[in-house]
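One structure is given below, encoded as structure tokens.
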Amino acid sequence: MNLFAKLLAVSRRKSPWFFIVNSGGCNGCDIEVAPCITPRYDGEQIGVLRQGSPKHADILLVTGPVTKRSHRALLDIYAQMPSPKAVVAIGSCPASTNVFLGSPTVDGPIDKFIPVDVWVSGCPPRPQLILAGIAQAAQLLADGMTADQKRKATP
Amino acid sequence: MMNEVYQYVFAVLVWPGYLGAGALGFLYLWIARKLTARLQGRKGPPFYQPFFDFVKLLGKDTVVPSGVNPSLFYALPFISLLATGFGLVIVPVPGHIVGSFPGDIVLLLYLLEVPVICDVMAGYVTQSIYGQVSAMREAVMSLGYNLPMLAAVIAMAQNAGSFRLGDLQSAPFGLVTGLAAIAFLVAIPARLKSNPFSIPNAEQEIVGGAHIEYNSAPLGIFELSHALEVVLLFGVFFVLFVPSLGNSVANASLYLAVSLVLMVLATLTAAMTARLTVKRAFRFYWVWGGLAAAAAMVVAVIG
């Protein structure tokens, strides 16, 4: 059993599948996420695959400041992901709502709604940094240190 | 008697069953991913990638969509896995120790259909609109590619005058073998659901097909079943159309080489083509696949 747990930890580190959700941002970060799976940066080398359904994903990438229109959708998508799961907030918007600070249409920042494991800074961040963020989230999943896993562990 | 039981257990669990075929199937899936990546100018995943993907999926919690019968949800991937596993056991690939029996080819054809039916049911059962579109497409496609595939197998059986796989393997090599091999080859990309026939699992249109609502362990079991299906299909091709050599080592190398060539061919086709519509794919199979199949049948019956 211990052997399987070790193998599972390695597998979680080596196979991060992500799903991306734009919670009302300017699309800049989404454009920077796309190169992560193209020839120049090729995330598939470290096992990164983009999934079309949140049910297949381990890591949720969130861009945008979480607007009033999108926050229910964000919660739905987060709830649909099977545990263990990690959340990576891409760019300044989810962290601080950025230039949308104080807007009446914005509900963010994101940590009011879902626990975030890795923050990737930048407006927008470079693809290398996004890949590094995904790799770090995968490492957290392997170590059992994501917010979701910690919540499960404490009764 | 006891010895025979052990033989069957070994065949199901080790070779040509789950362990051996699983490793081989994951290797083929990796070759497909790596070659596609290299053709696109990417570096591609390391060779253990499909295995780690599978283990990771096994270790996740499962979410059953509301309104879906959980027993059916969990049963479908396992039925698919069982059918491919038993299919592998009857195909006399090199290293195979269980004897073949009369009529096993009919059983094999049924077992080959089970994963497809499981996929179609998975699409309908999970009540996702994408899953239902995918299930409908898969059902239509299976009507399409089964014409050349079944005709190829039946032509070979007619040629050998037997429904025993062992007899088909030792049948003389002739014109009918070539024609039937073409008909069978044509059906392989559709069976693997790779381009240009990736119609049921079109990822940009219907988000990945019948398995959309599947997650975690059941999804992993479906992946494993798909890997086994690839090995099974290549094994059937080897047994039906490639003359077997006397030396067992040479025969085993030939088996691996033929499988490798088939995988590379299927991947090259997938990388070079775009997806067809259901209607065009269906027409392709019933016109060109049908012609090859009809020619093989005519030669088999006359000659």
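Using only Cα atoms and rounding to the nearest 10 degrees, what angle (0 to 90) does helix A:71-80 make with the longest principal axis of chain A? Relative to chain A, helix A:71-80 is tipped by roughly 10 degrees.
Quick check: residue separation of A:Arg69 and A:Gln128 times 0.36 nm, minus the Cα distance between them. What number comes out in nm?
Details: separation 59, 0.36 × 59 = 21.24 nm, distance 3.03 nm.
Stretched fully, the A:Arg69-A:Gln128 segment lengthens by 18.2 nm.
Measuring between their Cα centroids, the range A:60-76 and the range B:276-295 lie 46 Å from each other. Where only DSSP H runs of four or more residues are counted, chain A gives -11000 deg cm²/dmol as its mean residue ellipticity at 222 nm, each run worth -39500 (n - 2.57).
Each other residue within a Cβ distance under 10 Å of A:Tyr78 adds +1 if Lys or Arg and -1 if Asp or Glu, for a net charge of -1. Neighbour counting of Cβ atoms within 10 Å sorts the residues A:Asp76, B:Asp167, A:Asp107, fewest neighbours leading, into A:Asp76, B:Asp167, A:Asp107.
Site-free segments of chain A were taken between trypsin sites (Lys or Arg not before Pro) in DSSP loops having at most 13 other Cβ atoms within 10 Å, sites themselves excluded; the longest one is A:70-155.
For the range B:168-244 versus the range A:101-155, the spacing of their alpha-carbon centroids is 40 Å. Taking a point 7 Å out from the Cα of B:Trp286 in the direction of its Cβ, none of the residues of the range B:102-121 has a backbone N less than 19 Å from it.
Counting only chymotrypsin sites (Phe, Trp or Tyr not before Pro) that DSSP places in a loop and that have at most 13 other Cβ atoms within 10 Å, the longest clean stretch of chain B runs over B:174-303. Two tests apply to each whole DSSP H helix in chain B, Cα reach of 15 Å or more along its axis and mean Kyte-Doolittle hydropathy of at least 0.0, and the ones passing both are B:2-13, B:18-39, B:70-90, B:104-125, B:129-160, B:175-192, B:216-241, B:248-272, B:290-302.
Peptide A:7-15 shows a mean partner chain C-beta count of 6 within 10 Å per residue C-beta. Annotated for chain A: lysine pairs at least 8 residues apart or interchain, Cα distance under 22 Å, count 16. Ranking of B:Met2, B:Met156, A:Met145 by neighbouring Cβ atoms within 10 Å, starting from the fewest: B:Met2, A:Met145, B:Met156. The distance between label points at B:Leu260 and B:Glu205 comes to 3.5 nm (points 7 Å beyond Cα on the Cα→Cβ vector).
Taking a ≥ b ≥ c as the square roots of the eigenvalues of the Cα gyration tensor, the range A:2-153 is classed as oblate, since a/c reaches at least 1.5 and a/b does not exceed b/c.
Computed from the coordinates by the stated procedures, all read-outs in this text should not be read as laboratory data. Keep in mind that what you see is a predicted model, and the values were worked out from it rather than measured. Please note: Cβ atoms are built from the backbone with ideal geometry, for glycine as well, and neighbour counts cover all protein chains shown.
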